[in-house]
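Asker: One structure coming up, written as structure tokens, with questions to follow.
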Amino acid sequence: MTTTDSGKNWLTPLLATWRAQRAWILEQQVAIARTAAPTGNESERAARLQQDWRHCGHVVTRDGVGNVMTRVTPAMSVARPAPEPVVCLAHLDTVFHADEPLVVRRDGTRIYCPGIGDNGRGLAAMSVLARVLQQPAVRARLHRPIELVLTVGEEGEGNLRGATQWFDDAAARGLMPVAAVAIDGPGDCTIVHHAVGSRRWRITFTGVGGHSWANALTPNPVHAAGACIAAIARLADASRPLGVVAVTRMHGGEHLTGIPTQAWIDLDMRSRDPTRLRTMSDEVERIVMRAVRDASHQQPAQALQCTITTLGDRPAGMIDDQHPLVLAAASATRAVGREPQSASASTDANVPLSRGIPAIAIGAGGTGSAAHTANEWYDDTDGDIGLERAIRLVVALGTAERLAR
Ligand SMILES: [Zn+2]
């Protein structure tokens, strides 16, 4: 990556302004966290942020799935055809149900509230970015558009629905972003450039059932599920550390003295390598078929039925630590006095990475823990550092004369 402004001194006063706005930023973050946004029902929070962006002068649109979007264009006339944009994403949704009490409690420097960090922090940072990118000093230096996108359906069974839709629509318009940055949760040094892919399956075995003595040869779904679990445990040992497979839930049987009619197991498979994910899935399918055959062989007329239902499917992908986008993020990290750390995670960045678009995920400052639990907390002690890193990175990507894919 090369930059036009050798020194970034012009950015210094702008960053100082935002350091002085910490109380306001934190207020936004708390208000966002207190607006419920369960996966699949993000509209109230989306409307709030849409309003906020409109208030600072952006033209804001929503797409069919509910993503909130705006585009910041360079003030100067840019080369034709226009350079491909940089896209910044932050997810709107939380893992919490609509009836989860979103109560804020303070204890020392910690603020407790479900969703306060994940992704209250990332969304508050998007409010700041929307304002920073509107500044004439920034727009005058932009070499490419910056798309800001608040996504729905990132968490759990949302399956990255919002990000998937956005990149599908972009591809349909012939748009291939040059880089994507997901802003997710607290943090000021990690750079996620390995997207952990996952597949979550429910495997259901069904049979005719019967009396455990009188129908002793009737194929038993619980036996098939058990054989599967034992074989998957061996597969898990053989797959680590490149792939992880775990049976995470199981259920089966109806009566103490009856051969069950049904059993199911839930499976979580993960890897950073798409090929590994595929081979593990293929192996699990073979294990399932074998278990069904073995459990049914004495009574083939009553053979077990088996269905595999996909509960989740997140694509894997990666760029290496010498990729220009990772180097740009590392340089923004060092500029704020932190040491960059590589990380892998499952975020909105999975979608672009799986499609060959360079992407990373970063935090938006501060520290926190217990994400996805009612005890989630956030500490803003060094919150300005990570926020400054995010601003520096996005501005650097927008103003770089050339960005290598
Ligand atoms: Zn998140």
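Asker: Where a ≥ b ≥ c are the square roots of the eigenvalues of the C-alpha gyration tensor, would you call segment 54-212 rounded, which needs a/c under 1.5, or, failing that, prolate if a/b is larger than b/c, or oblate?
Answerer: Cα axes put segment 54-212 in the oblate bin.
Asker: At R0 = 25 Å, how high is the FRET efficiency between ASP168 and GLU285 if r is their beta carbon distance? Nearest 0.05 is fine.
Answerer: According to the calculation, E is roughly 0.35.
Asker: Another one. How big is the Kirkwood radius of segment 197-314, worked out from every pair of different alpha carbons and given in Å to one decimal?
Answerer: Result for segment 197-314 stands at 14.6 Å.
Asker: Through the Karplus equation 6.51 cos²θ - 1.76 cosθ + 1.60, θ set to phi - 60°, convert the phi angles of segment 246-252 into ³J(HN,Hα) values in whole Hz; use x for Gly and Pro.
Answerer: Values per residue, Gly and Pro as x: 9, 7, 9, 8, 8, 7, x Hz.
Asker: Taking 0.36 nm per intervening residue step and subtracting the Cα-Cα distance, what contour gain separates MET250 from ALA374 on full extension?
Answerer: 42.1 nm
Asker: Quick one: net charge of VAL87's neighbours, Cβ under 15 Å, K/R +1, D/E -1?
Answerer: Charge balance in the 15 Å sphere: -3.
Asker: Okay, next question. Rank these residues by their accessible area, most exposed first, probe 1.4 Å: HIS372, HIS323.
Answerer: HIS372, HIS323
Asker: Moving on. Estimate the FRET efficiency between GLU339 and ASP294 by the formula 1/(1 + (r/R0)^6), using the beta-carbon distance for r and 51 Å for R0, to the nearest 0.05.
Answerer: For R0 = 51 Å, the calculated efficiency reads 0.45.
Asker: Ordering HIS211, HIS193 by how much accessible area each has at a 1.4 Å probe, largest first, what is the list?
Answerer: Most to least solvent-accessible, the answer reads HIS211, HIS193.
Asker: With axes computed from alpha carbons, what is the tilt in degrees of helix 383-399 against the longest principal axis of the chain, rounded to the nearest 10 within 0 to 90?
Answerer: Compared with the principal axis, the helix lies near 80 degrees.
Asker: At 0.36 nm per residue, minus the direct Cα-Cα distance, what do SER331 and ARG240 gain on full extension? Give it in nm, one decimal, please.
Answerer: 29.5 nm
Asker: Could you let me know the centre-to-centre spacing of segment 148-170 and segment 354-405, using Cα atoms, in angstrom?
Answerer: Centre-to-centre distance over Cα atoms comes out at 18 Å.
Asker: Can you tell me the 0 to 90 degree angle between the C-alpha axis of helix 161-172 and the longest principal axis of the chain, rounded to 10?
Answerer: Relative to the chain, helix 161-172 is tipped by roughly 70 degrees.
Asker: So, one more: Based on the Cα coordinates of segment 348-405, what is the per residue volume of their convex hull in Å³?
Answerer: It comes to 83 Å³ per residue, whole-number rounded.
Asker: Hey, another quick one. Compute the acute angle (0 to 90°) between the alpha-carbon long axis of helix 43-55 and the principal axis of greatest extent of the alpha-carbon atoms of the chain; round to the nearest 10°.
Answerer: With both axes taken from Cα atoms, the answer is about 10 degrees.
Asker: Continuing with this model, one more query. Sorted by accessible area (1.4 Å probe), largest first, how do SER354, SER198 line up?
Answerer: I get SER354, SER198, largest accessible area first.
Asker: What does the helix-only formula give at 222 nm for the chain: each DSSP H stretch with n ≥ 4 adding -39500 (n - 2.57), the total divided by the residues, and the result rounded to the nearest 500 deg cm²/dmol?
Answerer: Dividing the helical sum by the residues of the chain leaves -10500 deg cm²/dmol.
Asker: A further question on this structure: Pop out the carbon and sulfur fraction of the accessible area of the chain as a percent, whole number, probe 1.4 Å.
Answerer: Roughly 51 percent of what the probe reaches on the chain is carbon or sulfur.
Asker: Amide H of LEU175 versus every other amide H placed in the peptide plane: which residues, excluding those fewer than 5 positions away on the same chain, fall under 5 Å?
Answerer: The answer is none.
Asker: With θ set to phi - 60°, apply the Karplus curve 6.51 cos²θ - 1.76 cosθ + 1.60 along segment 15-32 and write out the HN-Hα couplings as whole Hz, x wherever there is a Gly or Pro.
Answerer: The phi angles translate into 5, 5, 4, 6, 4, 6, 9, 4, 5, 5, 4, 5, 4, 4, 4, 5, 5, 5 Hz.
Asker: Just add up the charged neighbours of LEU26: K/R +1, D/E -1, any other residue whose Cβ is under 14 Å from the Cβ of LEU26.
Answerer: With Lys, Arg at +1 and Asp, Glu at -1, the net is +1.
Asker: Can you give the Kirkwood hydrodynamic radius of segment 263-379 from its Cα pairs, in Å with one decimal?
Answerer: One over the average 1/r among Cα pairs gives 18.2 Å for segment 263-379.
Asker: Next up: Calculate the translational D of segment 42-91 in whole µm² s⁻¹ from Stokes-Einstein, where the hydrodynamic radius comes from the Kirkwood formula applied to all Cα pairs, the temperature is 10 °C and the viscosity 1.306 mPa s.
Answerer: Rounded, D is 126 µm²/s.
Asker: Continuing with the same structure: Which is farthest toward the positive dipole end of segment 197-314 among THR310, LEU217, ALA263, measuring Cα position about the Cα centre, with Cβ charges +1 (Lys, Arg) and -1 (Asp, Glu)?
Answerer: Projecting each Cα onto the dipole axis, the largest value belongs to THR310.
Asker: If you take every DSSP beta bridge whose two residues both sit in the chain, what share of them, in percent to the nearest 5, is antiparallel?
Answerer: Percentage antiparallel, nearest 5: 70.
Asker: Follow-up question, since we're still on this one. What is the local net charge at GLU283, summed over the other residues whose Cβ is closer than 13 Å to its Cβ (Lys, Arg +1; Asp, Glu -1)?
Answerer: Summing Lys and Arg as +1 and Asp and Glu as -1 gives +3.
Asker: Continuing with the same structure: Would you compute the Debye intensity of the chain from its alpha-carbon atoms alone, equal scatterers and no solvent, and pass along log10 I(q)/I(0) at q = 0.11 Å⁻¹ to two decimals?
Answerer: At q = 0.11 Å⁻¹ the computed log10 ratios are -0.81.
Asker: Report the FRET efficiency, 1/(1 + (r/R0)^6), for HIS55 and VAL103, where r is their Cβ-Cβ distance and R0 is 30 Å, rounded to 0.05.
Answerer: Efficiency for this residue pair is about 0.65.
The values are calculated or read from the model by the stated rules, or taken from the named source; none is laboratory data. Source: prediction; values computed, not measured. Quick reminder, even Gly has a Cβ in these numbers, built from the backbone with ideal geometry, and neighbours come from all protein chains shown. What goes into the accessible areas is simple: the full protein's heavy atoms, side chains included, and nothing from ligands, DNA or RNA. Shrake-Rupley method; radii C 1.70, N 1.55, O 1.52, S 1.80 Å.
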